[in-house]
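Undergrad: Have a look at the structure that comes next, please.
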Amino acid sequence: MRVFVTGASGWIGSAVVPELVGAGHRVVGLARSDSAAAGVAAAGAEVLRGDLDDLATLRAGANNSDGVIHLAFIHDFTQFEASVQADARAIETMGAALEGSGRPLVIAAGTPALPGRVATERDEQVLGSPVAGRFLNARATLDMAARGVRSSVVGLPRTVHGDGDRHGFIARLIAIAREKGVSGYVGDGSSRWPAVHVLDAAHLFRLAVEQAPAGSRLHAVGDEGVPILDIAAVIGRHLNLATASAQAEDFGFLGQILAVDQPASSVLTRELLGWQPVQPGLIEDLDKGHYFG
Ligand SMILES: NC(=O)c1ccc[n+]([C@@H]2O[C@H](COP(=O)([O-])OP(=O)(O)OC[C@H]3O[C@@H](n4cnc5c(N)ncnc54)[C@H](OP(=O)(O)O)[C@@H]3O)[C@@H](O)[C@H]2O)c1
C-alpha cells in the first residue's frame, strides 16, 4: 500500500514509518520543517511538505494514497480547543478525499477514563471531560464508515513508552521527581495508568491500516493499568529518591491526570486483529534504565 502518514516525524510516527516500510508499504510522510523532512526521509519515506492547516496538501496526500494514518496533533495545551478544531478540519478533509473508496483512514485518540472500571473498545469518553473534543473527532472519524471510508480509531493509553521518549508523561514525571527531590504520586497511589510500548503501538497502526473493518474502535493497550504508586517507586529507585504522596498541584497539568484512575483493556482489539504486544511493559521498560540516562 502507499500510506500517507501525518505526524510522521513525531514520537509515534517515527516508529510507525519504519514499521510500514519494513512490511513492504510505501510511505509518504507529512513534514512541516526541514528537520522533520530529513527525519522522515531517513526513515525511508517520501516527504510531503505541509502544515496541518494546509488543507489542500492534506487532500492531495490522501487522494494520492491507498490509505491514511493521521498522527499529527498540535500539542499546545494552552490552546487545546484550537488544536481540536484543526484536528477536526484535517480529519474531515482527508476523510472526504477517501469518501466512497473503501480506503482506510486511521486516527490516533486516547482511551476513555472511566474511574473504577476497565474501559473497553465499546466505551466512549463521557462528554464534558477536558479532552471531550478529541473524542468527538474520533466519533466523526468512525461515522465516516457510512460514507465509504474504512475508518478506524486507535485509542492510545496515557503513556506510549520506549527508548527515546523525551516528552511523554513518564519523561515528565521523572523530570518532576528530579526537580522536587522526591518521586511523588497523588492520593494513595492506587490510580491505574494504562501503557503501551511505542513499537507495539506502531504494529497496531499497521494492522489497522491493512485490515481494520470500517468503524473499528481499537485500543493499543499493553498494560491495562499500572498503579501510579508502582511507577513512582521504580522512578524513586532509579533516581535514588524517596517515594511519597504529594498534592496534585505539585505536578502541574499532570496532577489532574495522575489523580484519575484510567485502566483500559485491548482484549477486543487482540481478538479482532490478532495484535499481541511483545515489547516490555512499562515497569520493565523503566527498569531498563534508558529513561534515567
Ligand atoms: N505519546 C503518547 O503517549 C500519546 C498518548 C495518547 C495519545 N497520543 C496521540 O497520538 C498522536 C501522536 O502522538 P506523538 O506522541 O507521536 O506526538 P508528537 O511526538 O508530539 O508528534 C506530533 C506530530 O505532529 C506533528 N505536528 C504538530 N503540529 C503540526 C502542524 N501544525 N502541522 C503539521 N504537523 C504537525 C509534529 O511535527 P513536528 O515534528 O514538525 O513537530 C509531529 O510529527 C497524537 O494525536 C497524540 O495526541 C499520544
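Undergrad: What does the charge dipole of segment 1-89 about its Cα centre add up to, to the nearest 20 debye, if the Cβ of each Lys and Arg holds +1 and the Cβ of each Asp and Glu holds -1?
TA: Value, rounded to 20: 280 debye.
Undergrad: Leaving out ligands, DNA and RNA, and with a 1.4 Å probe, what % of the accessible surface on segment 1-134 is carbon or sulfur?
TA: Exposed carbon and sulfur together represent 52 percent of the surface.
Undergrad: Rounded to the nearest 0.05, what FRET efficiency do residue 237 and residue 89 give with R0 = 45 Å and r taken as the Cβ-Cβ distance? Could you check?
TA: In this case the efficiency is close to 0.50.
Undergrad: Residues with amide H under 5 Å of residue 74's amide H, sequence separation 5 or more or different chain, H placed in the peptide plane at 1.01 Å from N; which?
TA: Answer set, sorted by chain and number: none.
Undergrad: Further, regarding this structure: Just the accessible area per residue of the chain, please: how many Å² with a 1.4 Å probe?
TA: Heavy-atom accessible area per residue stands at 41 Å².
Undergrad: Let me ask something else. Quick check on the chain: helices-only [θ] at 222 nm, where DSSP H runs of length 4 and up contribute -39,500 (n - 2.57) each and the sum goes over total residues. Nearest 500, please.
TA: -11500 deg cm²/dmol
Undergrad: Gaussian network model of the chain, Cα springs within a sub-10 Å range: biggest mean-square fluctuation belongs to which of 91, 12, 257?
TA: Highest fluctuation among the options: 257.
Undergrad: Within the accessible area of segment 181-249, what % is carbon and sulfur when the probe is 1.4 Å and the other protein chains stay in place?
TA: Answer for segment 181-249 is 47 percent, counting heavy atoms of protein chains only.
Undergrad: Given charges of +1 on the Cβ of Lys and Arg and -1 on the Cβ of Asp and Glu, with all other atoms neutral, how large is the dipole of the chain about its Cα centre, in debye to the nearest 20?
TA: 400
Undergrad: Hey, another quick one. Would you mind finding the longest exposed-site-free stretch of the chain, with exposed trypsin sites (Lys or Arg not before Pro) meaning DSSP loop and at most 15 other Cβ atoms within 10 Å?
TA: Here the longest segment lacking exposed loop sites spans 167-287.
Undergrad: While we're here: Going 7 Å from the Cα of residue 35 toward and past its Cβ, which residues in segment 6-26 have a backbone nitrogen under 19 Å from where you end up?
TA: Residues passing the 19 Å test: 7-15.
Undergrad: Assigning unit charges at the beta carbon (Lys, Arg +1; Asp, Glu -1) and nothing else, what dipole magnitude in debye, to the nearest 20, does segment 156-266 show about its Cα centre?
TA: 180
Undergrad: Also, I was wondering about something else. List the residues whose amide H sits under 5 Å from the amide H of residue 69, counting only those 5 or more places along or on another chain, with H placed 1.01 Å from N in the peptide plane.
TA: Under 5 Å from the amide H of residue 69: 4, 5, 6, 106.
Undergrad: Of 216, 35, 14, which is the most mobile in a GNM of the chain whose springs link Cα atoms less than 10 angstrom apart?
TA: 35
Undergrad: Can you work out ³J(HN,Hα) from phi for every residue in segment 110-126, in order, using Karplus 6.51 cos²θ - 1.76 cosθ + 1.60 and θ = phi - 60°, giving whole Hz and x for Gly and Pro?
TA: Karplus-based 3J(HN,Hα) across segment 110-126 equals x, 8, x, 9, 10, x, x, 9, 7, 6, 10, 5, 7, 8, 10, 5, 5 Hz.
Undergrad: Give the calculated FRET efficiency between residue 59 and residue 23 to the nearest 0.05, with a Förster radius of 25 Å applied to their Cβ-Cβ distance.
TA: Once rounded, the FRET efficiency stands at 0.45.
The values are calculated or read from the model by the stated rules, or taken from the named source; none is laboratory data. Keep in mind that this is a model prediction, so the values were computed, not measured. When we count neighbours, we look across all protein chains shown, and the Cβ atoms used for this are built from the backbone with ideal geometry, even at glycine. The area values use the complete protein model at the heavy-atom level, side chains included, leaving out ligands, DNA and RNA. Shrake-Rupley method; radii C 1.70, N 1.55, O 1.52, S 1.80 Å.
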